[in-house]
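K.L.:
First the structure, which I've put down as structure tokens, then a few questions once you've had a look.
The values are calculated or read from the model by the stated rules, or taken from the named source; none is laboratory data. Note that the coordinates shown come from a computational prediction; the quantities given were computed from them, not determined experimentally. Cβ: placed from backbone, ideal geometry, glycine included. Neighbour counts: every protein chain shown. For accessibility, only protein heavy atoms count, side chains too; no ligands or nucleic acids. Shrake-Rupley method; radii C 1.70, N 1.55, O 1.52, S 1.80 Å.
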Amino acid sequence: MLNSYYCMSVSAGSVANFVAYTHENLASTEQSIRDALQESPVAGADETGMRVDGSLWWLHIMRDDQWTLYYLSERRGCEAMDAMGILLTFAGILVHDHWKSYFAYAAVHVLCNAHHLRELQGVVDRDANKLALRLMKLLTLSWHFCKKYKAAGLTQMPGAIQLRIETIYDQILQRALTKETAYMEKQRQVLGRKKVRNTKAYNLFKRLIEFKVETLRFMSDFSIPFDNNGSERDARMAKLKQKISGCFRSEDGGTMFTRIRSYLSSAKKQGLNIFQALLKAVRNYNNTPLLGAE
């Protein structure tokens, strides 16, 4: 871009210095983002693998409609989430993909139904399971109803309809679980074993029964999303960088990227011009918060 505008090239060393200065200038802004997310009523969380100096690290994401925070760590579980500095004191609604570590935190948990639909589709493709297909249609129809009622000005699904959906949900899953239990018992007898491994379908149906409230919570509060796709969208840029660059060559490089990317993602969500926002960050010599936590 600079070569196009000014007919001047920039050395790799200058670019590295710009990145380092910008990282330092955004320290207080990163804390503002962290503070804002701690107070968010509904936030999404996700994690994805990233390569750092040839090793597998984890990029942790916390986000809502206005803010994004990225945190790079060697760890995937609670140790990294604690160090990220949000979930220990987060008391809002947390949308995630059922990774066990999230349940260690005192938030109101909501499970991503896009993940459930993909898992149910896998059961349909693998076993031609009609009950899994019926459950997929029920979840999709429920979300369609929620969008219609929300457009009409309601904040939650009418109680009678919600109760009917929950009843059908229970019936489908109980039948599906019974069917899988019978299949596993037949396999046990055929193989002459005392016990056989649970099928993937059985584990899925059992989990959907045990976590019914977290799965269907979107019906009782329209501020809760049906899925966690927002977190996956926020992870896309980091995955694109990895696809192009291959990996971060050092922890410092990854840490610089995550802080700068947290700022740019949040600025974009808030409708700011990205070029102007980046220019402000480069010139922010006093380390003033560029995005205030409201």
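K.L.:
Using 7 Å Cα-to-Cβ label points, what is the Asn273/Asp221 separation (nm, one decimal)?
P.N.:
Label-label distance for Asn273 and Asp221, simple model: 3.9 nm.
K.L.:
What shape does the stretch 175-294 have by the C-alpha gyration tensor, where a ≥ b ≥ c are the square roots of the eigenvalues, rounded means a/c under 1.5, and otherwise prolate means a/b greater than b/c and oblate the rest?
P.N.:
Cα axes put the stretch 175-294 in the prolate bin.
K.L.:
Can you give me the accessible area per residue for the chain, using a 1.4 Å probe, in Å²?
P.N.:
Normalised by residue count, the accessible surface of the chain is 56 Å².
K.L.:
What is the packing order of peptides 12-23, 57-68, 265-276, 199-210, taking the mean over residues of other C-beta atoms within 10 Å and listing the highest first?
P.N.:
57-68, 199-210, 265-276, 12-23
K.L.:
To the nearest 20 debye, what is the magnitude of the charge dipole of the stretch 19-112 about its Cα centre, counting +1 on the Cβ of each Lys and Arg and -1 on the Cβ of each Asp and Glu?
P.N.:
220 debye
K.L.:
I've got another one for you. When the accessible area of the stretch 168-280 is computed with all protein chains present and a 1.4 Å probe, what percentage of it is carbon and sulfur?
P.N.:
Of the solvent-accessible surface of the stretch 168-280, carbon and sulfur hold 52 percent.
K.L.:
Once every DSSP H run of n ≥ 4 in the chain is given -39500 (n - 2.57) and the sum is divided by its residues, what mean residue ellipticity at 222 nm do you get, rounded to the nearest 500 deg cm²/dmol?
P.N.:
Rounded to the nearest 500, the figure is -18500 deg cm²/dmol.
K.L.:
Right, another one. Could you give the angle, 0 to 90 degrees to the nearest 10, between helix 113-127's Cα long axis and the longest principal axis of the Cα atoms of the chain?
P.N.:
Helix 113-127 and the main axis of the chain meet at about 50 degrees.
K.L.:
With everything on Cα atoms, drop me the angle between helix 159-191 and the longest principal axis of the chain, reported from 0 to 90° to the nearest 10.
P.N.:
That works out to roughly 70 degrees.
K.L.:
For the chain, with only Lys/Arg (+1) and Asp/Glu (-1) charged at the beta-carbon, what is the dipole magnitude about the Cα centre, in debye rounded to 20?
P.N.:
1440 debye
K.L.:
Going by alpha carbons, how many degrees (0 to 90, nearest 10) lie between the helix axis of 27-38 and the longest principal axis of the chain?
P.N.:
Its long axis makes an angle of about 20 degrees.
K.L.:
Under a point-charge model restricted to the Cβ atoms of Lys and Arg (+1) and Asp and Glu (-1), what is the dipole moment magnitude of the stretch 200-294 relative to its Cα centre, in debye to the nearest 20?
P.N.:
380 debye
K.L.:
Roughly speaking, to the nearest percent, how much of the stretch 59-154's 1.4 Å accessible area is carbon and sulfur?
P.N.:
Summing carbon and sulfur atoms, their accessible area is 56 percent of the total for the stretch 59-154.
K.L.:
Oh, and also: Specify which residue in the list Thr199, His96, Tyr149 is farthest towards the positive end of the charge dipole of the stretch 91-210, using unit charges on the beta carbon of Lys, Arg (+1) and Asp, Glu (-1), about the Cα centre.
P.N.:
Working it through, the farthest residue towards the positive pole turns out to be Thr199.
K.L.:
With a 10 Å radius around each residue's Cβ, average the other Cβ atoms per peptide and rank 224-235, 117-128, highest first.
P.N.:
Taking the mean over residues of other Cβ atoms within 10 Å, the ranking is 224-235, 117-128.
K.L.:
Also, I was wondering about something else. For the stretch 57-118, just say rounded, prolate or oblate: build the C-alpha gyration tensor, square-root its eigenvalues into a ≥ b ≥ c, call rounded for a/c under 1.5, and beyond that prolate if a/b exceeds b/c, oblate if not.
P.N.:
rounded
K.L.:
So how many Lys-Lys pairs in the stretch 115-180 land under 30 Å Cα to Cα, not counting same-chain pairs under 8 apart?
P.N.:
Count of close lysine pairs: 7.
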